[in-house]
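The numbers here are math on the coordinates, done by the rules we state, and not lab data. A quick note: this is a predicted structure, and the numbers were derived from the prediction, not measured. Please note: Cβ atoms are built from the backbone with ideal geometry, for glycine as well, and neighbour counts cover all protein chains shown.
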Amino acid sequence: MPAVSQAKTPCILQLTSELGFASKPTLIRHLERIDELGPQVDPEMVYPEDWIVFRITGYRPEIDKPAMVPGEALRGDLSAIAERLSESAKLVPEDLNEPYESIDSLTKRWGVSRKTIERYRRLGLIARRLDLGSGRRSVVFMLSAVELFELNNTSKLGKAARFDRYTKAQMIQFERWAKGYRRRLGWSRSQAAWRISERSGHSHEGIRKALLRIDQSIASPIFNDLGQATTRDQTLALRATLRGIEPGEVSDRLRRSRNATLRAINSARAGIIASIGLPRNAIEIENEQEILESPAVCQGLYTRSSTDLRGLIDVMRVRQPTVVYEESMRAKAMSLLFHRAGQAFSELQSSSPSGRVLDQIETNLRLAAMLKIELVQSQMGLVLQTIEYKIDGKIDTLDPSRASFLIFGSIRVASLAIDRYDPSHTARIAAPVGLAVTKFVSRQPDIAQPMSEGKATRRIPPGTKVESWTAIVTPWMRWLMPDLRVERVLDRCNERDQLVLNRRYGFDGASPIDRSTLASMLGTTSAHAARYEREAVRNARCLVRKAIDEE
């Protein structure tokens with residue numbers, strides 16, 4: 001496990017230590033700004049200290065004599081800043097909203113040693129450190145940052161990567177073979193690469209990249225195809241799908257075939273699932289089907305989250321009694337669904353993931369997420385009670401930003417405690433949740449500091465907007481659902497659209513169903529069911545826009 005990188009520039013080292021006391025959401029925003037800043041740093045330029053602070057935090061300080069930092073030094077320290085901030089934020093895999101690479105996967109991707117990856121971190125390859133629990137840490141690199149580094153350092157990677165270690169004579173041979181296959185057989189670059197790899201004994205991927213470099217080096221490229229879709233194209237295609245846009249329109253936008261676009265969408269879906277960190281081992285629970293068909297698992301699930309801080313506190317203050325049977329069934333079903341999804345994903349073909357299998361995995365994850373939200377919802381009263389016990393007063397006496405930080409931080413640790421909960425034990429969920437929240441609040445400095453001196457009174461008025469707490473519990477859920485605002489206009493949709501959206505995504509509180517089940521329900525094929533689903537999403541989004549215009 002590599003040690004945490006240390007910034008070498010004094011002013012950046014000081015900035016890193018100061019930023020470490022910010023809240024987790026703030027630190028995550030800082031990390032996103034560092035990702036944006038990295039590719040823009042010119043190693044030949046010099047940057048003032050106040051400009052660096054502004055680019056990372058969004059706040060421009062007044063510094064009389066700002067230090068001047070060489071671009072090369074700034075570029076080398078960015079990864080160190082990101083690693084320190086991710087350590088301070090205690091990042092977990094669930095906090096990352098896009099695929100990422102580990103050190104080991106990068107060594108295979110680029111054909112380099114771990115030492116070389118360490119050197120690349122000083123050249124602007126920005127890393128994060130994830131908390132895997134039990135004192136374990138993992139250094140990861142966001143896939144978007146990896147691709148930008150590849151784009152900006154082609155020459156360095158070309159000299160080091162295994163796929164570039166071909167002699168000049170071999171490259172001439174590959175070019176001659178490829179031209180023949182293209183001229184006589186009309187083969188694509190991938191087809192030619194397969195045949196050349198069989199003849200030469202090299203890997204298909206290595207030959208494909210060699211052919212790409214050949215096309216880039218000659219005036220008349222052998223192949224005109226665009227090659228494999230980039231992560232940006234895959235993400236764009238997935239977002240379009242979630243908006244109900246037809247694959248044909250997406251393929252026109254990406255200038256690819258429909259099949260290539262569908263592969264890009266499936267690759268993006270697989271990348272999102274991989275980032276969740278699902279368990280890969282099988283789990284044995286007695287009466288699995290009985291658990292999944294239990295009313296506690298199939299009904300009354302879709303919890304709406306208040307985005308008003310005052311309303312959220314009022315809801316949390318009403319502590320509802322927990323039904324032991326419901327809690328047990330939901331905890332067992334959630335664990336079972338996560339393990340089923342993880343096992344199915346581990347068996348998925350990574351190069352060309354099946355859309356049908358991905359749909360089954362996503363359906364299991366939707367239900368598991370809904371169950372997890374219900375379990376957290378059942379502990380919200382305990383969460384608030386624990387916070388107010390530790391601050392020795394009502395949370396309303398705190399500044400809204402401080403109250404929000406304590407509430408959402410406590411919800412996050414409660415969610416993690418539920419993740420670690422073993423449903424085979426007879427203990428209640430309240431015990432690990434209460435312990436986790438107590439530890440979290442106890443670690444916060446000045447937890448009982450009120451907004452002003454004097455008699456404590458209710459001070460948080462309605463209208464203080466906060467994010468949905470369900471997004472903290474399952475941050476990846478936004479990639480498995482359409483625009484959640486469509487739920488508000490379902491009563492204005494036609495009958496078929498209501499049926500499709502309610503049953504597909506569980507907006508009616510029942511467990512969501514996969515596409516093949518929806519097709520059976522509608523008496524049609526899966527392809528037609530998918531078309532009806534996209535049409536329903538588009539119609540609902542139109543109603544959302546009309547509702548916004550009417551406000």
Original post:
If you place +1 on the Cβ of every Lys and Arg, -1 on the Cβ of every Asp and Glu, and leave all else neutral, what size is the dipole of segment 14-140 about its Cα centre, to the nearest 20 Debye?
Top reply: 560 debye
**OP:** Kindly identify the chain as rounded, prolate or oblate by the Cα gyration tensor criterion: order the square roots of the eigenvalues as a ≥ b ≥ c, call it rounded if a/c is under 1.5, otherwise compare a/b with b/c, prolate if a/b is larger, else oblate.
**Re:** oblate
Original post:
Which ³J(HN,Hα) values, rounded to whole Hz and listed in residue order, are derived for segment 134-145 from phi using the Karplus coefficients 6.51, -1.76 and 1.60 in 6.51 cos²θ - 1.76 cosθ + 1.60 with θ = phi - 60°, glycine and proline given as x?
Top reply: 6, x, 8, 10, 9, 8, 10, 10, 4, 4, 4, 5
**OP:** Classify segment 10-158 as rounded, prolate or oblate from the Cα gyration tensor: take a ≥ b ≥ c as the square roots of its eigenvalues, call it rounded if a/c is under 1.5, otherwise prolate when a/b beats b/c and oblate if not.
**Re:** oblate
Subject >> Rounded if a/c under 1.5, otherwise prolate or oblate - segment 166-217, Cα gyration tensor axes >> reply: rounded
Original post:
Considering only the other residues whose Cβ falls under 11 Å of the Cβ of Arg443, what net charge follows from Lys and Arg at +1 and Asp and Glu at -1?
Top reply: +3
Subject >> Unit charges at the beta carbon, dipole of segment 288-480: most positive-side option, Leu371, Phe405, Val318 >> reply: Phe405
Subject >> Residues Met481, Met370, Met380, sorted so that the one with the fewest Cβ neighbours within 10 Å comes first >> reply: Met481, Met380, Met370
Original post:
In terms of modelled amide H atoms, which long-range or inter-chain residues lie less than 5 Å from the amide H of Arg137?
Top reply: Leu132
Subject >> segment 469-551 - convex hull of alpha carbons, volume per residue in Å³ >> reply: 102 Å³
Subject >> Simple Cβ-charge dipole of the chain, Lys/Arg +1 and Asp/Glu -1, about Cα centre, in debye nearest 20 >> reply: 1880 debye
Original post:
In terms of modelled amide H atoms, which long-range or inter-chain residues lie less than 5 Å from the amide H of Asp308?
Top reply: Val466
Subject >> Under the Karplus curve 6.51 cos²θ - 1.76 cosθ + 1.60, θ = phi - 60°, whole-Hz ³J(HN,Hα) for segment 77-86, x wherever Gly or Pro sits >> reply: 8, 4, 5, 4, 4, 4, 5, 5, 5, 5
Original post:
Mind ordering 240-248, 76-84 by average Cβ neighbours within 10 Å, highest first?
Top reply: 76-84, 240-248
**OP:** Among Met171, Met68, rank each residue by its count of other Cβ atoms within 10 Å, from fewest to most, as a rough exposure measure.
**Re:** Met68, Met171
Original post:
Which ³J(HN,Hα) values, rounded to whole Hz and listed in residue order, are derived for segment 370-377 from phi using the Karplus coefficients 6.51, -1.76 and 1.60 in 6.51 cos²θ - 1.76 cosθ + 1.60 with θ = phi - 60°, glycine and proline given as x?
Top reply: 5, 5, 5, 4, 5, 5, 5, 4
**OP:** Would you tally the net charge around Met477, using a Cβ to Cβ cut-off of less than 12 Å, leaving Met477 out, and scoring K and R as +1, D and E as -1?
**Re:** +1
Subject >> Residues Ile361, Ile513, Ile56, Ile218 arranged by fewest to most Cβ contacts within 10 Å >> reply: Ile218, Ile513, Ile56, Ile361
Subject >> Built amide H within the under 5 Å cut-off of Tyr302, gap 5+ >> reply: Gly509
